[in-house]
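Peer 1: Handing you this structure, nothing more for now.
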Amino acid sequence: MKVDTKAVLRDVFPRMLEELTFLFADNSDGKASLPGDAVLVNIAFSGPFHGTLDMSIARSLGIEMASNLLGLDPEDTNAQRAGDDALRELMNVTCGHVLTGIAGSEPVFNLSIPTVRPIGAEEWDALGAAADVVIFEVDGRPVQLCVKIEE
Amino acid sequence: MSINVLIVDDSETVRAILAKTMRMAEMPINELYNAANGQEALEVLRNKWVDLVLTDINMPVMTGVELIERMNTEDNLKGIPVVVVSTEGSATRVAELKMKGVRAYIRKPFTPEQFREICTEVLGPSNEG
């Protein structure tokens, strides 16, 4: 199926980020440089069509999100522990709204449980070079997002 | 009147966010119980008095839909109001959940005001804080 997933991501991600974590995303045109603590957050979906949503991001942004969500100091050990959980939750919410943006509100999709794992330059650059990648800047740090729909 | 609430979500952070949202919404909470999946939720429900269940759908071990189906088979549990809190936006899925007896559906993200409004609708005005 041919859908402008980049337009959907540009609309959905900044809204979800702001409403969920009180952080703001700016569109970024240039190549995003690898943060030292880069992770890949992945969620798969299946329904009338299937695929994945990938996000590469600095792990420290997850800690910032968790501290905003829970009202904790970013240095607090609870915020540190909750950082990956916050990234998974952001991914889960973003994916749900991206699928509505692509397919409308009738189809039923099943979502996988999001995963988070550290990545190096090779995987960061590969996602950054994908044709459908959308790059944002959040609090001075790059975030790369890409929807992959399998035919 | 204060209520006992069970929050079912596999993410400890999401459970903490929901608890915080309920405090911000000034809901009259007496006891707050937590479960990481449907199976754990059933254990709590069989042993504690719960007035309201807030559950995610997508969880390991036992999903929210399976939890609702199991609650419907147990006389002591089938009358407990269940509100699904999830990211999914499918009207078809929401209709299916309501057919299974789910009282309301809250789509993430939401504000404390939206949350309070829906919970008050489910529990009735006598449970307003």
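Peer 1: Among the residues of region B:87-96, are any within 26 Å of A:VAL98 (Cβ to Cβ), buried (at least 18 other Cβ atoms within 10 Å of the Cβ), in contact with a Ser or Thr (Cβ under 8 Å, 6 or more places away or on another chain) and not β-branched (Val, Ile, Thr)?
Peer 2: There is at least one residue in region B:87-96 that is within 26 Å of A:VAL98 (Cβ to Cβ), buried (at least 18 other Cβ atoms within 10 Å of the Cβ), in contact with a Ser or Thr (Cβ under 8 Å, 6 or more places away or on another chain) and not β-branched (Val, Ile, Thr).
Peer 1: In addition: Answer yes or no as to whether B:THR55 is among the polar types (S, T, N, Q) and buried (at least 18 other Cβ atoms within 10 Å of the Cβ).
Peer 2: Numbers: among the polar types (S, T, N, Q): yes; buried (at least 18 other Cβ atoms within 10 Å of the Cβ): yes.
Taking the combined requirement at face value, the residue satisfies it.
Peer 1: Regarding B:ILE68, is this residue under 20 Å from A:VAL93 (Cβ atoms), more than 14 Å from every other protein chain (Cβ to nearest Cβ), free of Cβ contacts under 8 Å to residues at least 40 places away in the same chain and assigned to a helix (DSSP H, G or I)?
Peer 2: Numbers: under 20 Å from A:VAL93 (Cβ atoms): no; more than 14 Å from every other protein chain (Cβ to nearest Cβ): yes; free of Cβ contacts under 8 Å to residues at least 40 places away in the same chain: yes; assigned to a helix (DSSP H, G or I): yes.
Criteria not met by B:ILE68.
Peer 1: Something else: Picking from B:GLU117, B:GLU88, which residue would you name as being more than 12 Å from chain A (Cβ to nearest Cβ) and at pLDDT below 95?
Peer 2: Working: B:GLU88 fails: more than 12 Å from chain A (Cβ to nearest Cβ).
Checking each option against the conditions leaves just B:GLU117.
Peer 1: Take A:LEU20 and decide whether it is modelled with pLDDT under 95 and touching a Phe, Trp or Tyr at 6+ places or on another chain (Cβ under 7 Å).
Peer 2: On the way: modelled with pLDDT under 95: yes; touching a Phe, Trp or Tyr at 6+ places or on another chain (Cβ under 7 Å): no.
For A:LEU20, the condition - modelled with pLDDT under 95 and touching a Phe, Trp or Tyr at 6+ places or on another chain (Cβ under 7 Å) - is not met.
Peer 1: Any chance region B:49-58 includes a residue that's at pLDDT 95 or above and in a helix (DSSP H, G or I)?
Peer 2: Looking for residues that are at pLDDT 95 or above and in a helix (DSSP H, G or I), one finds none in region B:49-58, hence no.
Peer 1: Give the residues of region A:16-41 that are more than 14 Å from chain B (Cβ to nearest Cβ) and either crowded, with 17+ Cβ neighbours inside 10 Å or among the polar types (S, T, N, Q) (or both), sorted by residue number. Spell out the reasoning first.
Peer 2: Within region A:16-41, the first condition is being more than 14 Å from chain B (Cβ to nearest Cβ), and the residues that meet it are A:24-40.
Result: A:ALA25, A:ASN27, A:SER28, A:ALA32, A:SER33, A:LEU34, A:PRO35, A:ALA38, A:VAL39, A:LEU40.
Peer 1: Within region A:84-94, restricting attention to residues that are more than 7 Å from chain B (Cβ to nearest Cβ) and buried (at least 23 other Cβ atoms within 10 Å of the Cβ), which residue is farthest from B:ALA95 (Cα to Cα)? If you could, list the steps in order and put the result at the bottom.
Peer 2: If we filter region A:84-94 for residues that are more than 7 Å from chain B (Cβ to nearest Cβ), which is where we start, we get A:84, A:87, A:90-91, A:94.
Remaining after also requiring buried (at least 23 other Cβ atoms within 10 Å of the Cβ): A:87, A:90-91, A:94.
Values: A:LEU87: 29, A:LEU90: 25, A:MET91: 24, A:THR94: 22 Å.
Once the filter is applied, the top-ranked residue is A:LEU87.
Peer 1: Can you pull out every residue in region A:63-73 that is closer than 21 Å to B:PRO109 by Cβ and either away from chain B (no Cβ under 12 Å) or modelled with pLDDT of 95 or more (or both)?
Peer 2: So the first thing to find is which residues in region A:63-73 are closer than 21 Å to B:PRO109 by Cβ, and the list is A:63-72.
Answer for region A:63-73, where residues must be closer than 21 Å to B:PRO109 by Cβ and either away from chain B (no Cβ under 12 Å) or modelled with pLDDT of 95 or more (or both): just A:GLU64.
Peer 1: Now for a separate question. Please work out if A:ALA44 is touching a Gly at 6+ places or on another chain (Cβ under 9 Å), within 12 Å of another protein chain (Cβ to nearest Cβ) and part of a strand (DSSP E or B).
Peer 2: Working: touching a Gly at 6+ places or on another chain (Cβ under 9 Å): yes; within 12 Å of another protein chain (Cβ to nearest Cβ): yes; part of a strand (DSSP E or B): yes.
Yes.
Peer 1: Restricting attention to region A:1-15, does a residue exist that is touching a His at 6+ places or on another chain (Cβ under 6 Å) and either surrounded by 17 or more Cβ atoms within 10 Å (Cβ to Cβ) or of a type outside the set (Lys, Arg) (or both)? Talk me through it step by step, then tell me what you get.
Peer 2: From region A:1-15, those touching a His at 6+ places or on another chain (Cβ under 6 Å) are A:12; that's our starting set.
From what's left, either surrounded by 17 or more Cβ atoms within 10 Å (Cβ to Cβ) or of a type outside the set (Lys, Arg) (or both): A:12.
The answer is yes; a qualifying residue exists.
Peer 1: May I ask you to list the residues in region B:71-81 that are crowded, with 17+ Cβ neighbours inside 10 Å and in a helix (DSSP H, G or I)? Spell out the reasoning first.
Peer 2: Initial filter on region B:71-81 (crowded, with 17+ Cβ neighbours inside 10 Å): B:71, B:77, B:80-81.
Hit for region B:71-81 is B:MET71, nothing else.
Peer 1: Right, another one. Out of the residues in region A:95-130 that are of a type in the set (A, V, I, L, M) and facing chain B (nearest Cβ under 8 Å), state the one that is surrounded by the fewest Cβ atoms within 10 Å (Cβ to Cβ). Spell out the reasoning first.
Peer 2: So in region A:95-130, the residues of a type in the set (A, V, I, L, M) come out as A:98-99, A:102-103, A:108, A:111, A:113, A:116, A:119, A:121, A:126-127, A:129-130.
Adding the requirement that they be facing chain B (nearest Cβ under 8 Å) leaves A:99, A:108, A:111, A:113.
Values: A:LEU99: 28, A:VAL108: 17, A:LEU111: 21, A:ILE113: 14.
Filtering first and then ranking leaves A:ILE113.
Peer 1: Any chance you could count how many residues in region B:39-61 are within 14 Å of chain A (Cβ to nearest Cβ) and either in contact with a Lys or Arg (Cβ under 7 Å, 6 or more places away or on another chain) or more than 20 Å from B:GLY79 (Cα to Cα) (or both)?
Peer 2: Going residue by residue through region B:39-61, those that are within 14 Å of chain A (Cβ to nearest Cβ) are B:56-61.
Subset that is either in contact with a Lys or Arg (Cβ under 7 Å, 6 or more places away or on another chain) or more than 20 Å from B:GLY79 (Cα to Cα) (or both): B:58-61.
Counting residues in region B:39-61 that are within 14 Å of chain A (Cβ to nearest Cβ) and either in contact with a Lys or Arg (Cβ under 7 Å, 6 or more places away or on another chain) or more than 20 Å from B:GLY79 (Cα to Cα) (or both) gives 4.
The values are calculated or read from the model by the stated rules, or taken from the named source; none is laboratory data. What you see is a predicted model, and the numbers here were worked out from it, not measured in a lab. Because the Cβ atoms are built from the backbone with ideal geometry, glycine has one as well, and the counts that use them run over all protein chains shown.
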